[in-house]
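Here's the structure, in C-alpha cells; my notes come after.
The values are calculated or read from the model by the stated rules, or taken from the named source; none is laboratory data. These numbers were taken from a predicted model, which means no experiment stands behind them. Here Cβ is always computed from backbone atoms with ideal geometry, including for glycine, and neighbour counts include all displayed protein chains. The protein model used for the area step is the full one, side chains on, heavy atoms only, and it has no ligands, DNA or RNA in it. Shrake-Rupley method; radii C 1.70, N 1.55, O 1.52, S 1.80 Å.
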Amino acid sequence: MRKLFAIALVALLLGVGIVAVIETDPGYVLVSYANYTLESSLWVGLLLLLLSVLAIYLLLQLIYWIVGGRRSLVSWLGARKARNALRHTTRGVISFTEGNWLTARRELVRGAQHNEAPLLNYLLAARASAQLHDTEKVDEYLRTAGDVEPGATVALEFVRAELKLQDGEYQQAVTALDQATRNVARHPHVLNLLRQAYEGLKDWEKLLELLPQLQKHKLLTAEEFEQLTRQVYQHRFAHSGSDLQQLRASWLKVPKALQRDATLVAAYVGNLIKRGDQDAAEDALLYALKQEWSTTLVRQYGYVHSVNATGQLARAESWLMAHPEEPQLLLCLGRLSAREKLWGKARDYFESSYRLERSPEICAELGRLLTALGEPQVAAAYFREGLLLREDMLPELPMPDRAVTDSRLLARL
C-alpha cells in the first residue's frame, strides 16, 4: 500500500513538473510541405511524433501477423487448407481400400490440392480410374503425377505397366517399362513385371532370356523359379516345329538339375516320339529312369517304338522285381506285349493293372483288346466302365427296369 502511494505521489509530482515546464516555454514547431504548413507547440509536436511512431509500429505488427510467422493469418489459412487436404486424402485412401473407386478418386483429387506431396494422391486416383475402366483419367492423373514429381518417372512406369497387365494389354506393358529396363540393377522389380508380360504374350524366348536375371536378383523363390523354368522349356519343346536339331539343342540348354524332372523329360520325349525319333526318346527315358523312378516316364515308355521291341519288353519286365504292383508299369508291359502280338500276356498285364487301379485308360485298352479277341460282351463292359469313370460328374437319374435290346435300338436309326 505504501509502495503504491509513493508511485502515485512521484507520478503526480512529475506531471506537475512537466506542466510547469510547458507553461514556462511551450516552444514552437513549423512543418511545411508544398503548399501545406503545420504549426504547433513543441510539446504537441513531440506527442504527434510519438503517436506516429506508435502507429507505424502497430501497422508493421499487423502486417507481420497477416503474412509472416508461424501464427500469422496466412500461416493459419495455409494450415487450414493442409488439414482439409489431409482429411480428403484420408477419406480417399479409406474409400480406395474399401473398393469405392468413384468416391476414392474424387476425394484423392481434392486432397491433392494444397498438399505438399500430392504424388500419392494422383497415383491412387489413377489406380481407381483403372478400376472404373476410365483410361483417359488414368493417363491424365499419371501425367499430372509426373508433372508434380519429375523424379518419379520410373515409379510411374511401374504403375502404368501394372495397370496394363491388369487389363491384359501385355505388349503395352512391355513398352511402358522401356526406361526401367535400362537400369535393372536399380529397379529389379521391372523383371517381375516383364515376366508377367511375357507370360501373357507367351513369348517363351524372351522368358528364357529373362531367367538368368530373375535368378540373379532372387525375385522368385526356388520353387517358383524351377516351375517357371520348367514351363518355359515345356513350351519351347512344344513349339520347336519339326526340326529335331532345334529340339535337341533346346534340351541341352536345360539346367542339369531339371534334366531329371519327370514332367520336363516327358514333354521332351513326347516331342521326340511325335517327330519320329524313337531311339532318342528311348535313350532319354532310360537315362531319366536310371536316375530316378517315375510312373509318368514308365507309362510313356509304352509309347516308344523301339527297333529292338523284344529287348524293350525284357527291359521293362526287369523292372517288375522292384515294382511288382505298379499299375502304370503293368499298363506299359501290356502295350509292349501287344506290340509283340503276345495277346495272352498283354491281357494278363492289362488285367493286373486294372485290379490295382481302375482308370478309363486301362478300361479302354482291355475293351479294344477283348473286342479283337472275340469277346464283345466283356469288352463292352470295360468300355462302359471306362466311360463312366471318365464322366464321373453324371447326376443321379432313374433307369428303366429293362434294358432296350440292341435290335430295337438299331430299328430306331
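For this structure, a couple of remarks:
- Qualifying residue in the range 281-302 (condition: at pLDDT 90 or above, touching a Leu at 6+ places or on another chain (Cβ under 7 Å), among the polar types (S, T, N, Q) and more than 22 Å from Leu201 (Cα to Cα)): yes
- Qualifying residue in the range 246-268 (condition: among the aliphatic types (A, V, I, L, M) and assigned to a loop (DSSP other than H, G, I, E, B)): yes
- Options Leu258, Leu228: the member that is over 30 Å from Ala173 (Cα atoms), among the hydrophobic types (A, V, I, L, M, F, W, C) and touching a Leu at 6+ places or on another chain (Cβ under 7 Å): Leu258
- Residue in the range 231-247 that is in contact with a helix residue (DSSP H, G or I) (Cβ under 7 Å, 6 or more places away or on another chain), closer than 19 Å to Leu165 by Cα and open to solvent by 30 Å² or more (accessible area, probe 1.4 Å) present: no
- Residues (of a type in the set (A, V, I, L, M), closer than 23 Å to Ser359 by Cβ and surrounded by fewer than 16 Cβ atoms within 10 Å (Cβ to Cβ)) located in the range 313-336: Leu320, Ala322
- Residue check, Thr103 open to solvent by 40 Å² or more (accessible area, probe 1.4 Å) and out of contact with any Ser or Thr (no Cβ under 7 Å at 6 or more places or on another chain): no
- When we screen Gln113, Gln172 for residues that are of a type in the set (S, T, N, Q), open to solvent by 20 Å² or more (accessible area, probe 1.4 Å) and within 23 Å of Leu191 (Cβ to Cβ), the only hit is Gln172.
- So Leu331, is it assigned to a helix (DSSP H, G or I) and modelled with pLDDT of 95 or more: yes
- Residues of the range 178-189 that turn out to be of a type in the set (Gly, Ala, Ser) and not in a helix (DSSP H, G or I), as a count: 1
- Of all residues in the range 190-221 being basic (Lys, Arg) and in a helix (DSSP H, G or I), the one that is most open to solvent (accessible area, probe 1.4 Å): Lys216
- Test: residue in the range 155-177 that is over 16 Å from the mean Cα position of the chain (by Cα) and not in a helix (DSSP H, G or I): no
- Entirely in the range 341-412, the helices (runs of 4 or more DSSP H) that have 2 or more residues that are modelled with pLDDT of 90 or more and β-branched (Val, Ile, Thr): 360-372
- Filtered residues of the range 280-312 (kept if in a helix (DSSP H, G or I) and either touching a strand residue (DSSP E or B) at 6+ places or on another chain (Cβ under 6 Å) or open to solvent by 30 Å² or more (accessible area, probe 1.4 Å) (or both)): Asp283, Leu286, Tyr287, Lys290, Gln291, Thr295, Thr296, Arg299, Thr310
- Residue among Glu209, Glu149, Glu226, Glu116 that is modelled with pLDDT of 85 or more and among the acidic types (Asp, Glu): Glu209
- Screening the range 264-279 for residues that are open to solvent by less than 30 Å² (accessible area, probe 1.4 Å) and β-branched (Val, Ile, Thr) and picking the one that is nearest to the chain's Cα centre (by Cα) gives Val265.
- Per the listing Leu252, Leu244, the residue uniquely at pLDDT below 90, more than 36 Å from the chain's Cα centre (by Cα) and of a type in the set (A, V, I, L, M, F, W, C) is Leu244.
- Filter pass, Leu163 being open to solvent by less than 60 Å² (accessible area, probe 1.4 Å) and either more than 30 Å from Pro255 (Cα to Cα) or charged (D, E, K, R) (or both): yes
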